[in-house]
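Engineer: Before anything else, here's the structure in question.
All of the numbers you see were taken from the coordinates with simple rules; none came from a lab. Owing to the predicted nature of the structure, the values given are computational and were not obtained by experimental measurement. Here the Cβ positions follow ideal geometry from the backbone for every residue, glycine too, while neighbour counts run over all protein chains shown.
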Amino acid sequence: MYTMVKVEDTIRIPPEKFGEDLDKVIEETVQKTFEGTMRKQYGLIVVADNIKPIGDGIVIHGDGAMYQKVMFDALMFKPELQEVLDGVVCEIVEFGAFCHIGPLDALIHMSQIMNDYVEVDSTAEMIVGKEKKKTLKIGDAVRARVVAVSLNELSARESKIGLTMRQPALGAHEWLKEPVKEEVKEAKKEEGKDKKKQKGWRDKK
């Protein structure tokens with residue numbers, strides 16, 4: 001999901017920045033220019049750090065700005081197909097739920113939320129399972145698997161990421177506790193049966 005890569009590119013330093021601390025100007029320009037942008041090969045640039053100029057800058061006639069080659073370490077975020085990750089539900093819509101996964105948003109379509117028929121309660125901003133009565137609401141932490149990735153280099157927010165929670169060990173974190181609760185109940189039932197058997201043996205003696 002997160003990786004660190006070396007990036008080389010060129011930045012434009014406007015004339016009004018001439019005379020200022022060049023290293024500081026380069027650092028600020030790189031961060032403003034590249035952080036939050038998408039590169040299909042690596043994903044979204046979250047943080048640019050360890051920024052260094054490469055050679056001397058070039059002033060282009062008729063422009064007046066300086067073009068400077070730079071190299072920097074970029075912390076990238078790129079969801080991979082079949083990757084299992086955690087997120088937080090941020091919006092409930094008629095066709096499913098959007099959730100934050102790191103710096104991007106992803107969609108869990110209604111058909112991929114749970115193994116149950118679901119209904120959207122728009123008033124309460126909640127999705128409810130008809131039979132099992134499981135609920136999904138804004139703010140819920142979830143664990144899901146990535147099933148579709150389409151990254152948009154022109155606008156990172158327009159990227160489309162699809163998730164599913166329809167398999168064991170996936171779903172809202174609260175749901176994941178339920179099997180444990182059931183196992184505890186079953187264990188208590190078995191313990192009760194054992195105690196009854198032991199009492200029966202004692203009574204016979």
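Engineer: For an R0 of 41 angstrom, estimate the FRET efficiency from the Cβ-Cβ distance between E119 and S150 and round to the nearest 0.05.
Structural biologist: Once the sixth-power term is evaluated, E becomes 0.90.
Engineer: Using the charge dipole of the chain (Lys, Arg: +1 at Cβ; Asp, Glu: -1 at Cβ; taken about the Cα centre), state which of V147, P168, M4 has its Cα farthest towards the positive end.
Structural biologist: Of the listed residues, the answer is P168.
Engineer: For a Förster distance of 25 Å, can you work out the FRET efficiency between the beta-carbons of Q82 and V46, rounded to the nearest 0.05?
Structural biologist: 0.70
Engineer: Could you tell me which residue out of N50, V93, Y67 lies farthest along the dipole of the stretch 36-94 toward its positive end? Charges go on the beta carbon: Lys and Arg +1, Asp and Glu -1, centred on the Cα centre.
Structural biologist: Towards the positive end, the residue furthest out is Y67.
Engineer: Of D116, D49, D23, which is the most mobile in a GNM of the chain whose springs link Cα atoms less than 10 angstrom apart?
Structural biologist: Taking springs between Cα atoms under 10 Å, the residue moving most is D23.
Engineer: Give, rounded to the nearest 20 debye, the magnitude of the charge dipole that the stretch 10-83 has about its Cα centre when Lys and Arg contribute +1 at Cβ and Asp and Glu contribute -1 at Cβ.
Structural biologist: Result for the stretch 10-83 is approximately 280 debye, rounded to the nearest 20.
Engineer: Can you show me the helix-derived [θ] at 222 nm for the chain, built from DSSP H runs with n ≥ 4 at -39,500 (n - 2.57) apiece and divided by the number of residues, rounded to the nearest 500.
Structural biologist: It lands at -7500 deg cm²/dmol.
Engineer: Still on this structure: About the Cα centre, and with charges only on the beta carbon of Lys, Arg (+1) and Asp, Glu (-1), how big is the dipole of the chain? Nearest 20 debye, please.
Structural biologist: Using only the charged Cβ atoms, the result is roughly 2080 debye.
Engineer: Report the full-extension gain for the segment E178 to T3: residue separation times 0.36 nm, less the Cα-Cα distance, to one decimal in nm.
Structural biologist: So the extension gain works out to 59.6 nm.
Engineer: Need one number: % antiparallel among DSSP beta bridges in the chain, to the nearest 5.
Structural biologist: In the chain, DSSP labels about 95 percent of beta bridges as antiparallel.
Engineer: Based on the Cβ-Cβ distance from D73 to K133, what FRET efficiency comes out when R0 is 45 Å, to the nearest 0.05?
Structural biologist: 0.40
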